[in-house]
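Notes to accompany the following structure.
No value in this document is a laboratory result; all are computed from the given coordinates. Note that the coordinates shown come from a computational prediction; the quantities given were computed from them, not determined experimentally. Counting neighbours? That spans all protein chains shown, and the Cβs are built from the backbone with ideal geometry, glycine included.
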Amino acid sequence: MRFHHPQRQGRALRLGYCMNLAPADTATGVRKALTELALPLRERLGCTGVFGVGLYLPGSLAQHLDSEMGRRECGELAAFLSDSGLDAFTFNAFPFAGFGQAGLKERVFRPDWTEAERVQFSAQVTRLADALARQDSAHISISTHAGGFGTAIKTDAMRAEVAENLACFAAFLATFEERTGRRVILSIEPEPRSSAGDTQQFVTLMQRIRERAASIFEDEGWGDPAPILSRHLGSCFDTCHSAVEFEDPLAAFDNLTAAGVPIGKVQLSNAIALANPGQNVAGRERLLAMDEPAYLHQVTGRKLGRSGEVHLQAGDLPELAEEVVKPESPWLECEEWRCHYHVPVDFAAAGDARLGGLSSTAAWADRALEHVLAEPERWGSSELQLEIETYTWDLLADPNQNRSQVLVDGLEREYRHVLARLEAAGWQPA
C-alpha cells in the first residue's frame with residue numbers, strides 16, 4: 001500500500017507485512033502463503049492499488065532462485081507478484097534458515113557477518129529483490145542483523161571483520177546500483193543481546209564501519225566511502241527491540257539517523273511488558289510460562305538505583321526464571337520488565353485479555369511511529385518503508401482454530417491499527 005501527504009510533497013510511504021510469519025523453503029510455498037494471507041487481506045482492507053508485502057526468502061531458497069536452475073521459478077514468482085498486484089518492496093535477510101523451528105534460538109544470527117555465507121546470502125537476496133520488486137519504489141530495503149549474537153562476536157578482531165564485511169557490502173550495493181539502477185539499502189537491525197543491542201550501540205557500529213571503510217576504500221581505489229555508506233547502509237528501526245531496551249522513542253530515532261544514516265525501513269511490532277513484577281505474581285508466572293523452544297525472548301528490567309536508572313538483562317526466559325528465585329533478587333525490585341516477544345501492534349498497552357493480563361509496549365510504538373512520520377527530512381530517502389512484523393501467531397492463537405482464518409483476522413486488526421495512525425498524521429492512500 002502506498003501513501004502520500006498533501007503537505008509532504010516529494011515524499012511517499014509504503015506499508016507491508018513481513019512474510020516471515022509463514023516461512024517457506026520453496027517458491028511454491030511462498031506463493032501459497034501469499035495466496036492464503038496477502039490476497040484475502042488485500043480484499044478485506046479494500047485495497048484497489050498495489051498491496052505491499054515484505055518477502056522472506058531463506059538461504060536455501062535464495063540460493064536456488066539466484067541460480068541458473070532456479071531462474072524459471074524466479075520468473076514465475078515475479079509474474080505471480082505482478083499479476084496479483086503485490087508490491088515486494090522490502091525483504092528480510094536476517095534469519096538464514098530454520099526460522100520458527102524448535103532449537104533455533106540464538107542460532108538465528110548464524111551465519112554472522114564474519115562468515116562468507118552471510119555475505120553471499122545477502123548478495124543473493126539483493127539480486128532476487130531486483131528481479132521481484134516493482135520499478136517504482138525509491139529504494140529496496142533488506143534487513144539484516146548487526147553482526148551476530150553478542151557473545152559470539154567477542155573479540156576486537158571479529159568486530160573489525162564485521163565492520164569490514166558491511167563496508168565492502170555497501171561498495172557491492174553501489175556497484176549494483178550503477179549496473180541496474182536499483183538503490184538497495186542494507187538495513188541493520190539492532191536487537192537486544194546482539195552485537196548492537198540498542199540504537200546507541202548501532203551508532204558505535206556505524207562509526208566502526210566508517211573507520212574501517214576509510215582504509216579499505218583507499219586501498220581498493222574506491223574513492224570516498226562517505227557517500228556510498230550513507231546511500232546503501234541504513235538502519236532498520238524495530239519498535240519491539242527498541243522498546244525492550246527502554247529507549248526513549250525520540251532518542252532512538254535520533255540515534256538511528258545520526259550522521260545522515262538513512263532509515264531503510266521501520267518494523268512495527270510490540271513487546272510484552274509487565275509492570276510491578278515483584279508484586280504481580282500471576283503476571284510473572286504467565287510470562288515465564290510463555291517460554292518456547294524456537295525464538296529468543298530477551299528480557300530487560302528497569303529499576304531505580306542510587307545513581308539513577310538501572311537496567312537488568314536476561315538472555316531468555318529460562319535465564320530470567322533462574323534469577324527471580326534467588327534470595328533478594330534485584331529483578332523483583334524492578335518497576336517494569338519488557339520481553340522480546342513480538343505481539344500484534346493492536347494489542348492494548350495495558351491488560352489485554354489476549355495476553356492473559358500482561359501488557360504490551362503499544363503506546364511506545366505509536367509514539368515512535370508518530371515521531372518518524374513527523375520528520376521526513378531525516379528519512380534519508382524520499383520514501384519511508386513500514387513493515388508490520390508479528391511472527392508469533394502460532395504461539396498466541398488457539399490451536400483449535402483455523403490457522404489461516406486466525407492469521408487473516410489478526411493481520412486485518414494490525415493493519416487497521418496502523419492505518420488509523422497514518423490517517424491521523426495526514427497520510428492518504430496514493
- Considering only DSSP beta bridges with both partners in the chain, what is the antiparallel share in %, to the nearest 5? 40 percent
- Taking alpha-carbon centroids only, the range 1-66 lies from the range 122-149 a number of Å equal to 13 Å
- Task: Hey, can you grab everything whose amide H is under 5 Å from the amide H of Ala12? Only 5+ residues off in sequence or another chain; H modelled, so Pro and N-termini drop out.
- Result: Glu383, Leu384
- What ranking do 324-333, 203-212 get when scored by the average of other Cβ atoms within 10 Å per residue, highest first? 203-212, 324-333
- Using alpha carbon centers only, the range 204-273 is separated from the range 282-320 by a whole-angstrom value of 26 Å
- Query: Using modelled amide H (1.01 Å from N, peptide plane; none on Pro or chain starts), what sits under 5 Å from the amide H of Phe51, excluding residues fewer than 5 places away?
  - Reply: Leu86, Asp87
- Message: Under 19 Å between alpha carbons, and skipping anything fewer than 8 positions from Lys303 in its own chain: which lysines qualify?
- Response: Lys326
- Query: Which of the aspartates and glutamates could a cross-linker bridge to Lys32, judged by Cα under 15 Å and excluding same-chain residues fewer than eight apart?
  - Reply: Glu73, Glu76, Asp83
- Message: Output wanted: per-residue J couplings in Hz (rounded whole) for the range 156-163, from phi through Karplus 6.51 cos²θ - 1.76 cosθ + 1.60, θ = phi - 60°, x for Gly and Pro.
- Response: 4, 5, 5, 5, 5, 5, 4, 4
- Can you tell me what the convex hull of the Cα atoms of the range 1-74 projects to on average, as an area in nm²? 6.4 nm²
- Note on the structure: Here, GluC sites (Glu not before Pro) of the range 1-105 satisfying both criteria (DSSP loop; at most 11 other Cβ within 10 Å) are Glu68
- Return the lysines within reach of Lys265: Cα separation strictly under 25 angstrom, same-chain partners fewer than 8 residues apart disregarded; answer none if there are no such residues. Lys105
- Item | For Asp83, Asp394, Asp346, order by how many other beta-carbon atoms lie within 10 Å, fewest first | Asp83, Asp394, Asp346
- Would you mind checking which residues have amide H under 5 Å from Glu336's amide H? H placed 1.01 Å from N; only 5 or more apart, or other chain. Asn276, Arg302
- Task: Tell me the trypsin sites (Lys or Arg not before Pro) within the range 302-334 that lie in a loop according to DSSP and have at most 15 other beta-carbon atoms within 10 Å.
- Result: Arg306
- Rounded to whole Hz, the Karplus (6.51, -1.76, 1.60) HN-Hα couplings of the range 57-74, x for glycine and proline: 10, x, x, 5, 6, 4, 4, 5, 5, 7, 9, 4, 5, x, 4, 4, 5, 5
- Query: How are the C-alpha pair distances of the chain spread across 20 Å bins, as whole percents from the shortest bin up?
  - Reply: 27, 60, 13, 0
- Note on the structure: Expected vector for the range 134-148, Karplus 3J(HN,Hα) from phi with 6.51, -1.76, 1.60 and θ = phi - 60°, integer Hz, x for Gly and Pro, equals 5, 8, 9, 8, 5, 7, 9, 9, 10, 7, 8, 8, 8, x, x
- Message: To the nearest 20 Debye, how big is the dipole of the chain about its Cα centre, given +1 on the beta carbon of each Lys and Arg and -1 on that of each Asp and Glu?
- Response: 680 debye
